[in-house]
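So the structure is just underneath, and the comments pick up after that.
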Amino acid sequence: MRVLIQRERRQGETRVAATPETVKQLKKAGADVVVEKGAGEGSFISDDDFVQAGASVTDKPDWSDVDVLLGVTFGDESLKDSPLRTLREGATVMGFFAAYKNRELVEFALRRKWTCLSMELVPRITRAQKMDALSSQASIAGYKAVLLAAAELPKYFPLLMTAAGTVKPARVVVIGAGVAGLQAIATAKRLGAIVEASDVRPAVKEQVESLGGRFIEPPELPKDAETAGGYAKEMGDDFKRRQQETLAEHLVAADVIISTALIPGKPAPRLISADVVKQMKAGSIIVDLAVENGGNCELSELNKNVRKHGVLIVGHPNLPATLPADASMLYARNVSALVLLGVKESQWAPDLEDEVMDGSLLCHAGNIHHEATAQALAIQTNRPPPPSHQPQKEAVA
Ligand code: NAD
């Protein structure tokens, strides 16, 4: 079983899909591990560290005899001038695919009959927690978003009693209390801010309060706001309007807004209008973690920090890459756990009907397996009938 760890090609990507720790795990399972030269550089892991762990490191690996390729992100741009084009037919590829916006890559993967296991699609079930890369990376994004805001905010986060008088604590509003949002709440609380949070899933209220945050009740919490898989559903126009009205008074009073609201497979909900930004205090900060999916704020710009009406709006698309040591350490463990699930007697022999493999499968043997992606790209599925259990259909790779 030959496993290749690629050097990431996406601009600004510092993470790597393996660490010396996971190389040792893969070797122990019987894999021959090859690492592309310089793959760990952005995460401060040297080629020598990988060699010490038992990998071979080479500048020009032979992609044509790889069984399993491990990467962080794959997108249309991965195909440009990339040895990925030479990866053998039928190989397995694991990483984040953002497949719904990477048609060229998906079509190429189908032609080459690759088995693509998408880290975005790993089911959110207890058995697969070790492989939950969405959570490990979202948590980093939530943490770092607060630190960025604290570093840029022209005032303190905590309440301070000083000889010169009292300093009021900063007010932080977190929109979307999923994995990133909950970590943002916890981080902002640790820094001493007053934290409020909004979400459309009723289950979240208790979680927000257990972290010391105040839950901003939506006008009327919809009973069907949540899918069976625990994700938010897209709301109707009337709900959206009423939610914006309720949120607005909290948003305009905030010093910092961390917005993380996402709906799988859909554009991010627009929750911070230009008018709200106009009414916020000069010097306030919005960190829009949904910026890659269109943004929660009307004025966010992808890849840019912009100041609008005196408010700094941070549109950084890949915050986990700004904490590469821990992001890679956790991501590599997630990926390694998924590889080990598919190893039998030192061979790569995944049981694709296993609930975790089946849920994570984007495409296999020339067929799209994930129906939401097939619909988003209008690609026909010819896959055989699904196994008896229900695969996850909500998330989009
Ligand atoms: P996500 O990234 O898809 O969305 C972020 C948050 O935005 C969610 O909490 C969502 O409800 C919220 N949101 C969507 N529309 C909104 C709106 N209009 N206004 C306010 N908030 C809005 O979510 P996630 O962090 O990936 O978590 C999704 C679910 O998966 C959660 O239920 C989480 O608890 C669950 N989860 C389960 C496990 C597990 O069991 N192993 C692990 C991680 C997450």
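The values are calculated or read from the model by the stated rules, or taken from the named source; none is laboratory data. Please read these numbers as outputs of a predicted model, since none were measured by experiment. Every residue, glycine among them, receives a Cβ derived from its backbone with ideal geometry; neighbour counts consider all protein chains shown. Just so you know, the surface numbers come from the protein's heavy atoms only, side chains and all, with ligands and any DNA or RNA stripped out. Shrake-Rupley method; radii C 1.70, N 1.55, O 1.52, S 1.80 Å.
Scan region 241-266 for residues that are free of Cβ contacts under 8 Å to residues at least 40 places away in the same chain and touching a helix residue (DSSP H, G or I) at 6+ places or on another chain (Cβ under 7 Å) and jot them down.
Listed by number, the residues that qualify are Ala248, Val252.
Looking at the structure I just gave you, is Ala268 within 14 Å of the ligand (Cβ to nearest atom) and in a loop (DSSP other than H, G, I, E, B)?
yes
For region 174-191: of the residues being in a helix (DSSP H, G or I) and open to solvent by 10 Å² or more (accessible area, probe 1.4 Å), which is farthest from the ligand (Cβ to nearest atom)?
The extreme case among them is Arg190.
Please enumerate the residues belonging to region 93-104 that are surrounded by fewer than 24 Cβ atoms within 10 Å (Cβ to Cβ) and at pLDDT below 95.
Matches in region 93-104: Ala98, Tyr100, Lys101, Asn102, Arg103, Glu104.
Does region 137-171 hold any residues that are within 16 Å of the ligand (Cβ to nearest atom), open to solvent by 20 Å² or more (accessible area, probe 1.4 Å) and not aromatic (Phe, Trp, Tyr), and which are they?
Ala138, Ser139, Lys144
Across region 347-357, what is the total count of residues that are within 22 Å of Arg88 (Cα to Cα) and either among the hydrophobic types (A, V, I, L, M, F, W, C) or open to solvent by less than 50 Å² (accessible area, probe 1.4 Å) (or both)? Break it down into steps so the answer makes sense when it comes.
Filtering region 347-357 for residues within 22 Å of Arg88 (Cα to Cα) gives 347-352, 357.
Applying the additional criterion that residues be either among the hydrophobic types (A, V, I, L, M, F, W, C) or open to solvent by less than 50 Å² (accessible area, probe 1.4 Å) (or both) yields 348-350, 352, 357.
Total satisfying the criteria: 5.
Since Glu206 meets every condition but one in (1) part of a loop (DSSP other than H, G, I, E, B); (2) modelled with pLDDT of 95 or more, which condition does it not meet?
The number of the failed condition is (1).
Is it fair to say Val93 is closer than 20 Å to Leu340 by Cβ, touching a Ser or Thr at 6+ places or on another chain (Cβ under 9 Å) and of a type outside the set (Asp, Glu)?
When the stated conditions are applied, Val93 passes them.
If we keep just the residues of region 254-265 that are more than 9 Å from the ligand (Cβ to nearest atom) and surrounded by 22 or more Cβ atoms within 10 Å (Cβ to Cβ), which is nearest to Gln137 (Cα to Cα)?
Only one residue tops the list, namely Ile258.
Would you check if there is a residue in region 69-80 being out of contact with any helix residue (DSSP H, G or I) (no Cβ under 7 Å at 6 or more places or on another chain), more than 20 Å from Gly12 (Cα to Cα) and part of a helix (DSSP H, G or I)?
There is no residue in region 69-80 that is out of contact with any helix residue (DSSP H, G or I) (no Cβ under 7 Å at 6 or more places or on another chain), more than 20 Å from Gly12 (Cα to Cα) and part of a helix (DSSP H, G or I).
Have a look at Glu41, Glu36 and point out the one that is open to solvent by 70 Å² or more (accessible area, probe 1.4 Å), of a type in the set (Asp, Glu) and under 28 Å from the mean Cα position of the chain (by Cα).
Exactly one of Glu41, Glu36 is open to solvent by 70 Å² or more (accessible area, probe 1.4 Å), of a type in the set (Asp, Glu) and under 28 Å from the mean Cα position of the chain (by Cα), namely Glu41.
Identify, from the list Gly90, Gly12, the residue that is touching a Phe, Trp or Tyr at 6+ places or on another chain (Cβ under 8 Å), surrounded by fewer than 15 Cβ atoms within 10 Å (Cβ to Cβ) and under 30 Å from Ala376 (Cβ atoms). Step through it out loud before you land on a result.
Numbers: Gly12 fails: touching a Phe, Trp or Tyr at 6+ places or on another chain (Cβ under 8 Å).
Every option except Gly90 fails the conditions.
Does region 56-70 contain at least one residue that is more than 21 Å from Met131 (Cα to Cα), touching a strand residue (DSSP E or B) at 6+ places or on another chain (Cβ under 7 Å) and small (Gly, Ala, Ser)?
Within region 56-70 (the criterion being more than 21 Å from Met131 (Cα to Cα), touching a strand residue (DSSP E or B) at 6+ places or on another chain (Cβ under 7 Å) and small (Gly, Ala, Ser)), the answer is yes, since at least one residue qualifies.
Only one of (1) surrounded by fewer than 20 Cβ atoms within 10 Å (Cβ to Cβ); (2) in contact (Cβ under 8 Å) with a residue 12 or more places away in the chain; (3) under 30 Å from Leu377 (Cβ atoms) is not met by Tyr331, so which one is it?
(1)
Name every residue in region 77-134 that is among the hydroxyl-bearing types (Ser, Thr, Tyr) and more than 27 Å from Lys37 (Cα to Cα), in order of residue number.
Those that are among the hydroxyl-bearing types (Ser, Thr, Tyr) and more than 27 Å from Lys37 (Cα to Cα): Tyr100, Thr126.
Quick one: Thr246 ticks every box in (1) within 12 Å of the ligand (Cβ to nearest atom); (2) closer than 25 Å to Leu134 by Cβ bar one, so which box is it?
Unmet for Thr246, out of (1) within 12 Å of the ligand (Cβ to nearest atom); (2) closer than 25 Å to Leu134 by Cβ: (2).
So Glu104 fits all but one of (1) within 14 Å of the ligand (Cβ to nearest atom); (2) assigned to a helix (DSSP H, G or I); (3) within 24 Å of Glu292 (Cβ to Cβ); what number is the exception?
Result: Glu104 fails condition (1) only.
In region 218-253, how many are open to solvent by 40 Å² or more (accessible area, probe 1.4 Å) and under 26 Å from the mean Cα position of the chain (by Cα)?
So the count comes out to 8.
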